[in-house]
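Contents: one structure, followed by commentary.
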Amino acid sequence: MHNSNNMALNVVIDHYNNTKDRSKLVFDLTESYCIKNITRHVLPLNITVGEVNNIGKLLQELCQEENLDWTAIQLLLKCLRNGSILNKHIQNCVVDNESIVKNMQQLLQAQQKLQTDCLKALVIFMLNVTVDNGYSGKKIWLVFKNDLMDLLAKDLCVSFTLAVIYNVLARNKQIEPSLELINEVLRLMEIGFDSEYILFLLEQFITYMHKYHRALRPEYRQTVLLVLKYLIPKEDLEVPKEYVLLLVDDFKKKSDCILKTVTEYLDQIEPAEVAHLLDVLVSLSCIEKYLSYIHNDRSFLINCAFLLKSMHLAGKNGQNKFTAISKLSDEAKADNNHPAFGFKASVIRILGNLAWKSRSNQDELRELECIPLLLDCCNIDERNPFIMQMVIFAIRNLCEKNELNQALINAMNKKGTVDSATLNKLGITLDDGSNPIRIAPFNSA
């Protein structure tokens, strides 16, 4: 059933066809049809296939005029826009109407002179046509892909254009995003454009990112890694195995560059990327499905072990970015924007994850003499928050059901207590005069 306003749509168009009274057409479309936004929500308009076809014919007539009547065109687009809301039959009817599609192309290609409001109405119309409809979305993409990309490149109607593209890809998994589209979305994110559809699209891109990751600019790769770290906890996210293995391979190839930041390293882009890579791999390794992809990668395990050894040794050789900061008063020296900040703790965490329920990795780390190394890292360090907890977690996983690792730790001899500047600052010290060790007041005298 149509309401009385909608029933008059064909009457209005017939009246215009007979009188060619443009002002009357504009008035009737403005006042008689549900094309206005009511409290910022668009009110659906019930229209028939016949009315869609009549609108298409009238739109074609208006688009053929030398001086386009933008007001009338915009109102017709709004009629189609509102008629397409959650109505798959009308959505399909619109995209199958050659006249409407042809004139949409003409209007988009004239975007340089197209009035902003009219362009906005056109893109929102495309948005409504593609909502929850794979068929209409696929047809829109096949015809208007280049036009939509052009709108993004020129920063025109960006939010609505991103929404159209998201609708298309969300319902058409067989449509693979291009490197050009991925770069354009990342560009918008880099310049700070505010749209939730940027994140929605980047989540869609993860499925294909193993094909494009290395082709991206270094800055864009960092952005993808930051977004991926944010998305990993989502239960419905599926990171392809190929992408996980690619990230591991990139880390193995590039991780040594973090050691170049011991003092100063002019090119911070690559170390920053390595730091983001490690953050992502740590997050992935916390999920059993993804951990299974890398559990048996011996070269990755060895890479992380030797990286930890190198960082720890570098930190002990003079004051540098890997030197532990144990004094609370020196907290400001811990530059949390530096790529090395938290890096050691993250390496320890991933070693702990790799040792989890893996006898071969437990034994490998023992043979690489990582157990004493890990214990030596178990100190407060402002450059590596929670490093002590990470060490305890790693030791726990190394010793689980592994008698040799347990025996190694049991055989270690107590050589005294470590002088902790942090504890001294708090007015307490460790007293090893009795067994077990207890905390005693610090006597400054």
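Just so you know, all these numbers are worked out from the coordinates, no wet-lab data involved. The model shown is predicted, which means the values in this text are computed figures rather than measured ones. Using ideal geometry, Cβ is built from the backbone for each residue, glycine included, and neighbour counts are taken over all protein chains shown.
Of Lys253/Lys321; Lys88/Lys234; Lys234/Lys289, which pairs sit farther than 20 Å apart, going by alpha carbon to alpha carbon? Before the final figure, lay out the partial values.
Values: Lys253/Lys321 22 Å; Lys88/Lys234 30 Å; Lys234/Lys289 13 Å.
Pairs exceeding the cut-off: Lys253/Lys321; Lys88/Lys234.
Shown is the FRET efficiency for Ser310 and Asp249, computed with R0 = 25 Å from the Cβ-Cβ distance and rounded to the nearest 0.05: 0.80. Applying a DSSP loop filter and a limit of 13 other Cβ atoms within 10 Å to the trypsin sites (Lys or Arg not before Pro) in segment 361-402 leaves Lys401.
Starting from the Cα-Cα distance between Asn172 and Asp256, subtract it from 0.36 nm times their residue separation and give me the gain in nm to one decimal.
26.1 nm
Residue order for Met311, Met104, Met412, fewest other beta carbons within 10 angstrom first, comes to Met412, Met311, Met104.
Sorted by packing (mean other beta-carbon atoms within 10 Å per residue), highest first, where do 162-172, 55-65 land? Spell out each step's value before the answer.
On the way: 162-172: 22.6, 55-65: 17.1.
Answer by packing, highest mean first, reads 162-172, 55-65.
Could you work out how much longer the chain between Ser292 and Met149 gets when fully extended? Use 0.36 nm per residue separation minus the Cα distance between them, nm to one decimal. Let's see the in-between values first.
Values: separation 143, 0.36 × 143 = 51.48 nm, distance 3.86 nm.
Extra length from Ser292 to Met149 when fully extended: 47.6 nm.
Ranked highest first by average number of other Cβ atoms within 10 Å, how do 89-101, 124-136 line up? Intermediate values should be presented prior to the final figure.
Details: 89-101: 19.5, 124-136: 22.5.
Per-residue Cβ counts within 10 Å, averaged per peptide and sorted highest first, yield 124-136, 89-101.
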